[in-house]
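Here the structure is laid out as structure tokens; the discussion comes afterwards.
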Amino acid sequence: MSTIATDSPLSEIDTRGLVSLVAMMIPASDKHGVPGADDASIIADILATARQHAELLEAGLGELEAAARARHGASFVEVAPEVRRVLIEAARADSPMFYRVVVSITVQCYYRDPRVMESLGMEARP
């Protein structure tokens, strides 16, 4: 059986948390005419790539969700961006591998997006 990129290895809550996290890492830029890492095409690529790290991502995103609910009574995606930033920084030391994987996957997928490559003056090709 083949797997398609839209078959997310993560729950809906974890997927929303990941989208929020990567949007904070690489926001869209009108100045440079590029999407953020939360662009639908890039997210589809991130989710497909994340499949091999699903357990690690579920654990890390679950920790962020639990911390947001325990400390702020709301979901990670519902708290203000500055609160998300504090939660991320607090959890970073406890889950360094989670953050390494998220950063690695996000950067890989973002910089292979044709729009991003073209904005860097590179030919968009496989």
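Hey, does the range 58-77 have a residue that's within 29 Å of residue 118 (Cβ to Cβ), open to solvent by 40 Å² or more (accessible area, probe 1.4 Å) and not acidic (Asp, Glu)? No, because not a single residue in the range 58-77 is within 29 Å of residue 118 (Cβ to Cβ), open to solvent by 40 Å² or more (accessible area, probe 1.4 Å) and not acidic (Asp, Glu). Taking the range 1-100 and the helices (runs of 4 or more DSSP H) fully enclosed by it, the elements with 3 or more residues that are farther than 18 Å from residue 111 by Cβ are at 12-25, 54-72, 81-92. Filtered by the rule that a residue be in contact with a helix residue (DSSP H, G or I) (Cβ under 9 Å, 6 or more places away or on another chain) and open to solvent by 60 Å² or more (accessible area, probe 1.4 Å), the range 93-105 gives 94, 97, 103. Selection of the range 31-48 for residues being modelled with pLDDT of 95 or more, among the charged types (D, E, K, R) and open to solvent by 60 Å² or more (accessible area, probe 1.4 Å) yields only 38.
Could you tell me how many of the residues in the range 108-126 are without any contact (Cβ under 8 Å) to a residue 60 or more places away in the chain and under 15 Å from the mean Cα position of the chain (by Cα)? Let's see the steps before the verdict.
Filtering the range 108-126 down to residues without any contact (Cβ under 8 Å) to a residue 60 or more places away in the chain leaves 108, 111, 114, 117-118, 120-126.
Filter once more, so that each one left must be under 15 Å from the mean Cα position of the chain (by Cα): 108, 111.
Going through the range 108-126 one residue at a time, the tally reaches 2.
Would a scan of the range 83-92 turn up a residue that is closer than 22 Å to residue 10 by Cα, surrounded by fewer than 15 Cβ atoms within 10 Å (Cβ to Cβ) and out of contact with any Phe, Trp or Tyr (no Cβ under 9 Å at 6 or more places or on another chain)? Full working, then the answer.
Going residue by residue through the range 83-92, those that are closer than 22 Å to residue 10 by Cα are 84-85, 87-88, 91-92.
The next check asks that each one be surrounded by fewer than 15 Cβ atoms within 10 Å (Cβ to Cβ); those that pass are 85, 92.
Add one more test, that the residue is out of contact with any Phe, Trp or Tyr (no Cβ under 9 Å at 6 or more places or on another chain), and what stays is 85.
Checked against the condition, which is being closer than 22 Å to residue 10 by Cα, surrounded by fewer than 15 Cβ atoms within 10 Å (Cβ to Cβ) and out of contact with any Phe, Trp or Tyr (no Cβ under 9 Å at 6 or more places or on another chain), the range 83-92 yields at least one hit.
Scanning the range 49-63 for residues that are more than 14 Å from residue 97 (Cα to Cα) and at pLDDT 95 or above yields a single hit, 62. Residue 120 passes every criterion in (1) open to solvent by less than 20 Å² (accessible area, probe 1.4 Å); (2) in contact with a Phe, Trp or Tyr (Cβ under 9 Å, 6 or more places away or on another chain); (3) modelled with pLDDT under 95; (4) among the hydrophobic types (A, V, I, L, M, F, W, C) apart from (1). Can you say whether residue 110 is open to solvent by less than 50 Å² (accessible area, probe 1.4 Å), closer than 22 Å to residue 44 by Cα and in contact with a Lys or Arg (Cβ under 7 Å, 6 or more places away or on another chain), as far as the supplied structure shows? It is false that residue 110 is open to solvent by less than 50 Å² (accessible area, probe 1.4 Å), closer than 22 Å to residue 44 by Cα and in contact with a Lys or Arg (Cβ under 7 Å, 6 or more places away or on another chain).
The values are calculated or read from the model by the stated rules, or taken from the named source; none is laboratory data. What you see is a predicted model, and the numbers here were worked out from it, not measured in a lab. Glycine gets a Cβ as well: all are built from the backbone with ideal geometry, and neighbour counts include every protein chain shown. Surface accessibility is based on the protein's heavy atoms, side chains included, excluding ligands, DNA and RNA. Shrake-Rupley method; radii C 1.70, N 1.55, O 1.52, S 1.80 Å.
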